[in-house]
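Each remark here refers to the structure printed beneath this line.
The values are calculated or read from the model by the stated rules, or taken from the named source; none is laboratory data. Just so it is clear, the structure is predicted and the values come from calculations on it, not from any experiment. No Cβ is skipped: glycine too gets one built from the backbone with ideal geometry, and neighbour counts run over all protein chains shown.
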Amino acid sequence: MTTAEEDEWWIISSPGIRKCRRCKRWIAQGERIWRRQTNGAMYHIDEARCATALPMADPPPFVPATVEEYWQVFERAAASLESAKWTFAKTMPDVPHEWTHRRSWKTQSPERDAMFTDAVLRIKQLGIERRWRSMVNRKLDINDRYYWVMDPIKAPAEVGWLINRAVRLTYEAAPPQWFPTWPAPLESLVTEAVEGPLKDRSVLDIGATWVAATQEARRYLAIGPPKDLVRLNETTGCALILETGVQGFYDPLRFDVVAALYGAANHLSRTELERLPLLTTPGGVVIAMFDKTAVPTVFTAVWPTCTWREVGAYYFVVVR
Ligand SMILES: [Zn+2]
């Protein structure tokens, strides 16, 4: 481009979406560019720079080869995000959230810098589109929080510089309760399926209905909709509980028993059902109870090696 008198040097200092008028590619933060004074159009400094600029494009589709790979990718992003340094945005107390800056990852190591890029990419690929006020962002659930970036979806992940997170229930209505009434217990059946004393077992209870496990298990963690969890907490007073779905659940430890009892399993998507065996320790067991609004192919298709039988109003399914 030939430069005219109305052009000026310009240094991009703030983040935001900026495209080169010539090559349509990304202009980076901190980059020295040409800016046309008359209309504000921005250009890379020369064509050589245009050739190396990152393209603006939707994130590449995430096509995992296996179920395991999908959840490994999710857990890697969850682990790096949970271990980041988070700062409360104290200038915006009316919209409570926290942020982490790429700078604090970059200073740790080049690997950590690459993990930041990966986290930005995964938020865009795996996140769910949500509207808040006039903004629509993809937000990735990890336990009781969601994570998002302000960059446009087409911005390359390599230029992402800030990730936000907030407690989901601060901004979203609570999901519906799973159990209109406290389910009639079939605890002896469940204990039988565990094949051993609960005191030696760690238990993940999806739906939070297994009262004996809260009192006896070596480790007990419940996940599910908040009102069900509140009820469990009132019943036992000592349960470790987390408002999240299986989709957003992250815990680096595995469980001897993963249970979704009394129809809780009906509330899980196929992707979530596929994950349950991956959350167990070697030799661990999944116990799932579907009410009869489901048909057996729902679980036999996901877990071909499962055993199952009818118990009262439920299909009682065991996966080893
Ligand atoms: Zn350009």
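Okay, here's what the table says:
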item	result
Residue among ASP200, ASP205, ASP228 that alone is surrounded by fewer than 23 Cβ atoms within 10 Å (Cβ to Cβ) and of a type outside the set (Gly, Ala, Ser)	ASP200
Any strands (runs of 3 or more DSSP E) falling wholly within the stretch 237-316 and containing at least 3 residues that are aliphatic (A, V, I, L, M)	240-243, 255-260, 280-291
Count of the stretch 22-76 residues which are more than 9 Å from the ligand (Cβ to nearest atom) and in a loop (DSSP other than H, G, I, E, B)	22
Single residue of GLU192, GLU111 found to be within 30 Å of ILE241 (Cβ to Cβ), of a type outside the set (Ser, Thr, Tyr), out of contact with any strand residue (DSSP E or B) (no Cβ under 8 Å at 6 or more places or on another chain) and assigned to a helix (DSSP H, G or I)	GLU192
Options LEU253, LEU261, LEU229: the member that is touching a residue at least 60 places away in the same chain (Cβ under 8 Å) and in the same structural domain as ALA213 (by TED's automatic domain parsing)	LEU261
In the stretch 171-189, residue nearest to the chain's Cα centre (by Cα) [restricted to those that are surrounded by 11 or more Cβ atoms within 10 Å (Cβ to Cβ) and assigned to a helix (DSSP H, G or I)]	TYR171
Residues that are touching a Lys or Arg at 6+ places or on another chain (Cβ under 7 Å) and farther than 19 Å from VAL317 by Cβ, drawn from the stretch 186-202	LYS199, ASP200, SER202
Every residue from the stretch 9-31 that is surrounded by 12 or more Cβ atoms within 10 Å (Cβ to Cβ), out of contact with any helix residue (DSSP H, G or I) (no Cβ under 9 Å at 6 or more places or on another chain) and modelled with pLDDT under 85	TRP10, ILE12, ILE17, ARG18
Test: residue in the stretch 85-104 that is more than 16 Å from the ligand (Cβ to nearest atom), surrounded by fewer than 14 Cβ atoms within 10 Å (Cβ to Cβ), assigned to a helix (DSSP H, G or I) and not hydrophobic (A, V, I, L, M, F, W, C)	yes
Filter pass, ARG231 being modelled with pLDDT of 95 or more and of a type in the set (Lys, Arg)	no
The one condition in (1) more than 27 Å from LEU253 (Cα to Cα); (2) of a type outside the set (A, V, I, L, M); (3) assigned to a helix (DSSP H, G or I) that PHE116 fails to fulfil	(1)
